[in-house]
Amino acid sequence: MDNKITYESVDDYISRSAPEVQEILQTLRKVIQESAPEAKEKISYQMPTFELHGNLVHFAAFKKHIGLYPAPSGVEAFKEELAEYKGAKGSVQFPLDKPMPYDLISRIVEFRVAENLQQAADKAKKKKLQKQEK
């Protein structure tokens, strides 16, 4: 039997998180919503996810940090500002014992929105060109 937790929605995820991180998660969600107003919320990989022409950003609560997953390009574009945080190719860990850098997170999300919109526009342009060639 698979006893992995499955979340129905972002609200469900936040409500089942530790009480001390629920407020941080709500604020983080609000920052992302304000930075990407057209993005839709969903659960992907059992994490709150925002998508706009594909995944923009995921986030998750852990015992000692909040993980933010803005894709490798989102980490790379802000690598100097993110240098003080642990992370990997497509993720950043914001420790719970330090203030969340909401302004930085907002700028990362805005970068990802611009990137996804550009990719969607490029894809549409390519499709149009292919149709014209036929």
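The values are calculated or read from the model by the stated rules, or taken from the named source; none is laboratory data. Bear in mind the structure is a predicted one, so any value in this text is a computation, not a measurement. Backbone-built Cβ (ideal geometry, glycine too); neighbour counts: all protein chains shown.
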Can you give me the number of residues within region 24-47 that are of a type outside the set (A, V, I, L, M, F, W, C), touching a residue at least 40 places away in the same chain (Cβ under 8 Å) and either surrounded by 21 or more Cβ atoms within 10 Å (Cβ to Cβ) or closer than 22 Å to residue 5 by Cβ (or both)? 2
Got a sec? Which of 76, 23, 115, 81 is assigned to a helix (DSSP H, G or I), touching a Ser or Thr at 6+ places or on another chain (Cβ under 8 Å) and among the charged types (D, E, K, R)? 115
Would you call residue 68 more than 22 Å from residue 19 (Cα to Cα) and surrounded by 13 or more Cβ atoms within 10 Å (Cβ to Cβ)? no
Looking at this structure, is residue 59 of a type in the set (A, V, I, L, M, F, W, C), under 11 Å from the mean Cα position of the chain (by Cα) and modelled with pLDDT of 95 or more? yes
Within region 84-102, which residues are of a type outside the set (Phe, Trp, Tyr) and not in a loop (DSSP other than H, G, I, E, B)? 86, 87, 88, 91, 92, 93, 95
In region 82-110, residues that are farther than 28 Å from residue 5 by Cβ and exposed (fewer than 13 other Cβ atoms within 10 Å of the Cβ) total 4
I'd like the full set of residues that are in a strand (DSSP E or B), surrounded by fewer than 20 Cβ atoms within 10 Å (Cβ to Cβ) and not hydrophobic (A, V, I, L, M, F, W, C), limited to region 48-61. 51, 55
